[in-house]
Amino acid sequence: MRPTLILWSLLLAGLALARSAHAQNPDVYEPASAAHRPGRWSMQFQVAENFRFSAFEGAGLAMTRNAGTNAAWRFGVSLDGVFRDGARTTTTTTDSSSAQDVFPIDQYEHSVRFDLVHLHRTQPARRVGLEIGVGPSVYLLRYGDEFEDSNEFGSSQRESRASLSRYGLTGRLGVEVFLARALSVHAHYGAFAGYQLETSTQLFQATSAGGSSSDSVFEVQRHRWFLSNEGVSLGISVYL
C-alpha cells in the first residue's frame, strides 16, 4: 500500500474513532485537550515516500508552541544545498596520436526558507479538529557555476550567477487527528502569495589563439507578484 494511502487510512480511522468518542463524550478527548494546553511544545514531521520521515512542509525543522487552547505559533526553517566540483574531459584522436583535455566545472545551489504561521484550532479538545493558519514567509535561493573550454582557436571561460527571492504570506488549511497520547496525524493544504525578485548574471571571457581577448556581461532582472499552490502535506505531530 502506498504511504499516502496508509496515512489517509489512518485519518479515516481517526474520524471513525472520533465518532465513537463523540457518542460517549461530545466535548472532551483527554489526550487532545492535554496536547493543546497553553505553553506546550510540539515538533512536526512530514511523511515522505516509503513512510520515511522528512521535513514538515519543506521545513528542516518545525516547532509549534501553544499560545492558548485554540491558538499556536509554528516556526519552520528549511535549508537545502548542492555543491558540485567536477570536470569535463575531451579526447581528440587521430590516426597517429590521441590528446585529452580536462576542463573544470564548479557548480553550487543553496536555499533557505523561513515560515512563521499563526494557527487557529477549532474544537481543540476533540480527537479531530480543524486548523487554519497564516503568516509571513521568506524564501531565498542562490545559484552559480563556472565553466572553462579551449580548442585550437582559443579558450573561453563562462561564469553564471542567479538569485531568487520570495517574500509574502503562506496559508494553511487542514485537519488534525489524534491517534494516541501526544501523537497526531494531519493533512494541510498550503498556498503562498507575495513578491518575487529574480536576478541572473553571465560573464563570458574569450581569448583567441592570437592573444586578443574580449569580455561580455549579461544581466537580467525580473520581478512579479505571484500566488502559488503548494499542494497537500501529510505529516505527524509529536507533542513534547
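Determine whether Phe147 is surrounded by 15 or more Cβ atoms within 10 Å (Cβ to Cβ), modelled with pLDDT under 85, of a type in the set (Phe, Trp, Tyr) and touching a Lys or Arg at 6+ places or on another chain (Cβ under 9 Å). Answer is yes for this residue.
If the condition is being farther than 30 Å from Ile132 by Cβ, surrounded by 12 or more Cβ atoms within 10 Å (Cβ to Cβ) and not polar (S, T, N, Q), then segment 194-228 contributes Glu198, Leu203, Phe204, Ala206. Taken over segment 106-127, the residue count meeting the criterion of being within 25 Å of Phe192 (Cβ to Cβ) and among the polar types (S, T, N, Q) is 2.
Remark: Ser137 matches the filter, which requires a residue to be buried (at least 16 other Cβ atoms within 10 Å of the Cβ), in contact (Cβ under 8 Å) with a residue 40 or more places away in the chain, in contact with a Leu (Cβ under 9 Å, 6 or more places away or on another chain) and farther than 30 Å from Val28 by Cα.
Pairing residues of segment 198-213 that are closer than 18 Å to Glu148 by Cβ with residues that are part of a loop (DSSP other than H, G, I, E, B) and at pLDDT below 80, at Cβ distances under 6 Å and at least 6 apart in sequence or on separate chains, gives Ala209/Phe153.
Whether any residue in segment 151-173 is in contact (Cβ under 8 Å) with a residue 12 or more places away in the chain, assigned to a strand (DSSP E or B), more than 18 Å from Val117 (Cα to Cα) and β-branched (Val, Ile, Thr) is what I want to check. No, that holds for no residue. The set of residues in segment 169-193 that are among the small types (Gly, Ala, Ser), surrounded by fewer than 19 Cβ atoms within 10 Å (Cβ to Cβ) and closer than 12 Å to Ser228 by Cβ comprises Gly171, Ala191, Ala193. Of the residues making up segment 149-208, those that are among the polar types (S, T, N, Q) and more than 24 Å from His110 (Cβ to Cβ) are Ser150, Asn151, Ser155, Ser156, Ser184, Gln205, Thr207, Ser208.
A residue that is at pLDDT below 60, under 30 Å from Arg161 (Cβ atoms) and surrounded by 12 or more Cβ atoms within 10 Å (Cβ to Cβ) cannot be found anywhere in segment 105-127. Taking residues in segment 65-76 that are surrounded by fewer than 21 Cβ atoms within 10 Å (Cβ to Cβ), and partners anywhere that are assigned to a strand (DSSP E or B) and among the basic types (Lys, Arg), the pairs with Cβ atoms closer than 7 Å and at least 6 places apart or on different chains are Asn70/Arg121; Trp73/Arg65.
The values are calculated or read from the model by the stated rules, or taken from the named source; none is laboratory data. Quantities reported herein were computed from a predicted structural model and do not represent experimental measurements. Every residue, glycine as well, gets a Cβ built from its backbone with ideal geometry; the counts of neighbours run over all protein chains shown.
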